[in-house]
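One structure is given here, and the rest of the page talks about it.
The values are calculated or read from the model by the stated rules, or taken from the named source; none is laboratory data. What you are looking at is a predicted structure, and each value in this text was computed from that prediction instead of being measured. A quick note on method: Cβ atoms are made from the backbone with ideal geometry, for glycine too, and the neighbour counts reach across all protein chains shown.
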Amino acid sequence: MSISTSVSGPGELRMRMVGRLVDAGVIEDGPVAEAMRAVPRHEFVPDAELRAAYRDEAVVTHRDPDGIALSSASAPGIVGAMLRQLDVRAGHRVLEIGAGTGYNAALLDTLVGPDGTVTTVDILPEAVREARARLDATGHTTVRVVLGDGEFGDAAGGPYDRIIVTAGAWDVPASWAAQLAPDGLLVVPLRMRGLTRSVALRRRGDRWVSEDSAECGFVPIQGAGAVAERNIMLGESSVLLRFDDDRQVRKAALDEALDRPAHTRWTGVRPPRGEATLDFWLMTLPGFCRVILMDAAFERGLPRALNAWGSMGAVQAGTFAYLTARGQGDARELGVCAVGADGAGLAEGVAERVRAWDAERDSRARIEVHPHGGAPENARWTIDKRHEQVSVILEP
């Protein structure tokens, strides 16, 4: 007796991918869903296995000599979420900062239709060549693909009704404001002390005011606006600490920390659900960073981090801490694991911050980008940037 197995074709895989995003509430069953059903993602990531092209995962396409990602095709979930934020309409003029594979530009081209225009800018010559070729091969021949530094946008194609940035941006440069039409919308993955949020911003006088935000992660922007992330690997590929600036860290002391017992403090607090503000409360901790645990960390006996990708945490001297959890369902409880010379002290310090957040856990974050010294009176936290300041306001 023979058993036959069927392999789903790209069309069926594409329909399933979109169906999952709609069912999860990431996108509505409307124009964005239709565009994602129409554009074959696998044509833009030809080196990826067919099923991988339609998973909700990023596909890295270019790396530097050290293996750090320079360009990628973002996961379909964040692509759809950002397009939902962007609210593109037929006939719009759209600027994309970061061409990547060209997939997002193809979606934008589908959304704006024959009466709209799409310009996409990338700083990597190889990305520009590949995006141009793939857009042409899939019928999106009118998209302008420009080699340039996204910090300066592309004035020749403006003014734009919409600008979307597909790389982690440290600042919101003046060129984007200058090239955006009145009442236009900017969607940008904004980096804030190690957090990245895709923020939908409108210009209001001398400032940008958010209308929506969503958690995300992106390759940092390159060129004149670059501020590199700093990655420190501890204990023979056990724990990766990622900082959003060039602060000084005593790596040798942290390597030694892994030889000490871990201290865990349970907080009595339920983990957040959906888009929560907990990370904003943690970002003011000295040494705030992202903590990513590798398989070797579990072999050392460390508890798993709160999320599969890791957790936000903190480093102080020769000690690091991160969030963990125990229990199931509504009985889950947040904890803090700290490893190092002052494990007990740092664990309790982070736990106190978690409990403080719990008292305002239902609040939502509104983000403003404004000139230095222009923070609103109700700003809870303000972050200095090169060109401006970013304020986070908590609202009921």
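Quick notes on this one:
- When Val227 is tested against the conditions (1) crowded, with 21+ Cβ neighbours inside 10 Å; (2) under 20 Å from the mean Cα position of the chain (by Cα), the lone failure is (1).
- Exactly one residue among Arg304, Arg242 is closer than 24 Å to Met192 by Cβ and of a type in the set (Lys, Arg), and that residue is Arg242.
- Here the stretch 147-168 is the region considered, the condition is being in a strand (DSSP E or B) and at pLDDT 95 or above, and the residue that is farthest from Ile383 (Cα to Cα) is Leu147.
- Only a single item in (1) of a type in the set (Ser, Thr, Tyr); (2) surrounded by fewer than 23 Cβ atoms within 10 Å (Cβ to Cβ); (3) over 22 Å from Ala90 (Cβ atoms) is not met by Thr141, and it is number (3).
- Here the condition is being β-branched (Val, Ile, Thr), surrounded by 15 or more Cβ atoms within 10 Å (Cβ to Cβ) and part of a loop (DSSP other than H, G, I, E, B); of Val269, Val339, it holds for Val269 alone.
- The stretch 292-303 residues that are surrounded by fewer than 17 Cβ atoms within 10 Å (Cβ to Cβ), paired with ones that are among the basic types (Lys, Arg) and at pLDDT below 90 (beta carbon under 9 Å, 6 or more apart): none
- Annotation note: Cβ proximity below 8 Å between a residue of the stretch 161-181 that is closer than 18 Å to Asp212 by Cα and without any contact (Cβ under 8 Å) to a residue 12 or more places away in the chain and a residue that is of a type in the set (A, V, I, L, M) and outside any strand (DSSP E or B) (sequence gap 6+ or interchain) occurs for no pair.
- Filter result (under 18 Å from Ala131 (Cβ atoms), touching a residue at least 40 places away in the same chain (Cβ under 8 Å) and aliphatic (A, V, I, L, M)) within the stretch 39-58: Val39, Val45, Ala53
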